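Step one of this worksheet: look at the structure below.
The values are calculated or read from the model by the stated rules, or taken from the named source; none is laboratory data. As the structure is a prediction and not an experimental result, all values here were calculated from the model. Neighbour counts run over all protein chains shown; Cβ positions are idealised from the backbone, glycine included.
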Amino acid sequence: MDIATPRVDDSAITTHKIVRTAGKELETPAKALQVGKLRKAEDVVDTARGVAETFATATNTKLENSRTSGFDRLADNLRLQAERAEDDEIVVPFLKFDDTEDLTLENAKEAARLQSNYGDILSVPLQTELTYEANDGDGLGEDPVETIVENTRTYLNAVEDLEIEKPVMAVFPSISKAVTDELTKMYIDRGLRAFCVDFNRRTATAKAQQDQVITPLMRSLLAEDLHEVSLVYAVNLKNGKPKDDGRRSPEQVYAYTLGFDVVGDVHLPPRLPPEVFEDMDDPSGVRLFDSDTLSFRDVELDDVDEYLPEDSEFTAAEVRRRVKSKGNDRYRLSNLINAELISLFLKLIEDEDKEDELFELLAASPEAIEEDLDEIADIVARVIGSDN
């Protein structure tokens, strides 16, 4: 993987990078597209193409069956998603390891093989269930944390044993600064140059994210002179904080000001008891990104026309028809349309040479939350400042 950084905005830790791997090229900042959510007859605007994200859930049992008994559901899942990517897109497969036990070396090798067969950049498995078991702020020595660290080491050993030459992306769970520091050292020592924060459905400006992951990671990359020669990715980023007027803060856009080059999708469902879902009112519209106010808002189906980009591959009539016939389709369509809207916004500020002004654009939004802007400025100050 080759990374060039022609532009840096230290005031917001924002960079413009050109990433080349597998004969493909990507310019950042970029919004990843979960191509598995596309139906056969669907497409998105060209600006939303570039990073094709795929996702599957694995366990030790599934991985063992995949390598020993011809169980090909995992492979088929990743293959079918990857086939929806365009030829020039960088495919990044994520595997969620859904066990709370040790990842065996042979199963880690199977995970790496699957990712290598159907992707351009491998990624350390997301260890969601173990992260849920760990208490917020747990350090090294706690059972779930030690298992996460050892499973990570096992996966990296598996990649080395297989002599896979494709780049590997590090993954950081949202637990504690001690965990982030330990994993950062491991990843840097292994020569990794792609780093992903699993936000675990937290916002980019959440205090825990600042202290436990973002600040220590970004400071380490700057201290090791790696920030301009590495790719920094975000996944499972909640979007965003609710406001009094029914809008939500644009956490996915905030992430670009905090040093993230690519923002991926949310793969994890909310962790809520069944009775909470039963009491929730069904939404009547779709939640879309509003580039005029840099916020998200719940848009009634009759008003979708006003928010779709002119060259969107989706029509308002089709969105209304699909949501009315299958209510849950609103979430899939929202993700796809928002990938278009955010990508078009990023392209616009690039064309207008305003990438260095992203924080100022956010601050000028009438929907800006002052506390969010203060938190972003605080993170930047701590990352590029001299205090510990």
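So here's what we get for this one:
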item	result
Given (1) in contact with a Leu (Cβ under 6 Å, 6 or more places away or on another chain); (2) within 22 Å of Asp261 (Cβ to Cβ); (3) touching a residue at least 60 places away in the same chain (Cβ under 8 Å), index of the condition Pro93 fails	(3)
Of residues in segment 14-42 being surrounded by 18 or more Cβ atoms within 10 Å (Cβ to Cβ) and among the hydroxyl-bearing types (Ser, Thr, Tyr), the one nearest to Lys166 (Cα to Cα)	Thr28
Neighbours by Cβ (under 6 Å, 6+ apart or cross-chain): first from segment 357-369, of a type in the set (Ser, Thr, Tyr); second surrounded by fewer than 18 Cβ atoms within 10 Å (Cβ to Cβ) and in a loop (DSSP other than H, G, I, E, B)	Ser365/Thr293
Qualifying residues in segment 153-167 (those that are over 16 Å from Gly119 (Cβ atoms) and of a type in the set (D, E, K, R)) - the one surrounded by the most Cβ atoms within 10 Å (Cβ to Cβ)	Arg153
Cβ-Cβ under 9 Å pairs, at least 6 apart or on other chains, segment 64-75 side under 17 Å from Asp98 (Cβ atoms), far side among the β-branched types (Val, Ile, Thr)	Glu64/Thr104; Leu74/Thr57
Flag for Pro173 being under 20 Å from Pro125 (Cα atoms), free of Cβ contacts under 8 Å to residues at least 60 places away in the same chain and in contact with a helix residue (DSSP H, G or I) (Cβ under 6 Å, 6 or more places away or on another chain)	yes
Hits in segment 1-48 (condition: in contact with a Leu (Cβ under 9 Å, 6 or more places away or on another chain), without any contact (Cβ under 8 Å) to a residue 60 or more places away in the chain and outside any strand (DSSP E or B))	Gly36
Criterion (of a type in the set (D, E, K, R), surrounded by fewer than 20 Cβ atoms within 10 Å (Cβ to Cβ) and farther than 26 Å from Arg84 by Cβ) met by exactly one of Glu375, Glu357, Glu310, Glu318	Glu357
Enumeration of residues in segment 293-315 that are assigned to a loop (DSSP other than H, G, I, E, B) and touching a residue at least 12 places away in the same chain (Cβ under 8 Å)	Thr293, Leu294, Tyr307, Leu308, Pro309, Asp311, Ser312, Glu313, Phe314
Residue list for segment 345-372, restricted to those being touching a Ser or Thr at 6+ places or on another chain (Cβ under 9 Å) and assigned to a helix (DSSP H, G or I)	Phe345, Leu346, Lys347, Leu348, Glu355, Asp356, Leu358, Phe359, Leu362, Glu371, Asp372
Residue list for segment 209-249, filter: surrounded by fewer than 16 Cβ atoms within 10 Å (Cβ to Cβ) and in contact with a helix residue (DSSP H, G or I) (Cβ under 8 Å, 6 or more places away or on another chain)	Glu224
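Residues are listed down the side, and each one gets a yes or a no for (1) among the polar types (S, T, N, Q); (2) under 30 Å from His16 (Cβ atoms); (3) not in a loop (DSSP other than H, G, I, E, B):
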| residue | (1), (2), (3) |
| --- | --- |
| Asp76 | no, no, yes |
| Phe94 | no, yes, yes |
| Asp99 | no, no, no |
| Asn107 | yes, no, yes |
| Ala111 | no, no, yes |
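Rundown of residues vs (1) among the small types (Gly, Ala, Ser); (2) under 30 Å from Pro250 (Cβ atoms); (3) modelled with pLDDT of 95 or more; (4) over 18 Å from the mean Cα position of the chain (by Cα), yes/no style:
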{"position": "Ile13", "(1), (2), (3), (4)": "no, yes, no, no"}
{"position": "Arg20", "(1), (2), (3), (4)": "no, yes, yes, yes"}
{"position": "Ala30", "(1), (2), (3), (4)": "yes, yes, yes, no"}
{"position": "Glu42", "(1), (2), (3), (4)": "no, yes, no, yes"}
{"position": "Thr68", "(1), (2), (3), (4)": "no, no, no, yes"}
{"position": "Asp72", "(1), (2), (3), (4)": "no, no, no, yes"}
{"position": "Glu106", "(1), (2), (3), (4)": "no, no, yes, yes"}
